[in-house]
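Let me begin by presenting the structure, written as structure tokens, before commenting on it.
Computed from the coordinates by the stated procedures, all read-outs in this text should not be read as laboratory data. What you see is a predicted model, and the numbers here were worked out from it, not measured in a lab.
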Amino acid sequence: MPLVAILALVMVLAGVGAFAGTAQANSTGSATTAATTAIATTASPHAVAQPAPAPADVVQAYFRVLNDRDFLSAWALGGRQHIAGQTYDAFVRSFNDVSKYEVRIDSVEGNKVAVELDATQIDKTHRHYAGTYTVEDGVIVAADIHPK
């Protein structure tokens, strides 16, 4: 089989998204969430780089996947960057007492997203937070969040 035919078959079986800079992550009972990722190697000379999503969209996606309990996607969207020094397991445990987040975007200035958070706890009480998330290339790279 010629090399071109093999490459075409691989692209059809794997899906073009795998070669165009988009990774898909699923959680049980949730919709598929796309997270922009950096591709270390060029899979196709015709692949077009996807523009990074808007910073506010990244922050909303982060809380959407947290609410879906899709911690692997949340980790990829910025959990590993903005919670420096924590392991993935510690990151997941930090959400044990939270049943749902509601996020309100107050403003966006460049790559900084100002938010207000309402964290509904397992016991139905609420904790409120405010601050900023800094987003670069579709990933949260810093967080400055404090109780209100």
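Note on residue 112: lysines with a C-alpha under 25 Å away, same-chain residues under 8 apart excluded, are 100, 148.
By the rule of a C-alpha distance below 16 Å, with chain neighbours fewer than 8 residues away ignored, the aspartates and glutamates paired with residue 124 are 97, 102. Amide H contacts for residue 141 (H built 1.01 Å from N in the peptide plane; partners 5 or more residues away or on another chain; cut-off under 5 Å): 134, 135, 136.
Less than 5 angstrom separates the built amide H of residue 100 from those of 120, all sequence-distant by 5 or more or on a different chain. 3J(HN,Hα) along region 98-107, derived from phi through the Karplus expression 6.51 cos²θ - 1.76 cosθ + 1.60 where θ = phi - 60°, amounts to 9, 9, 6, 10, 10, 10, 10, 7, 7, 6 Hz, with x in place of Gly and Pro.
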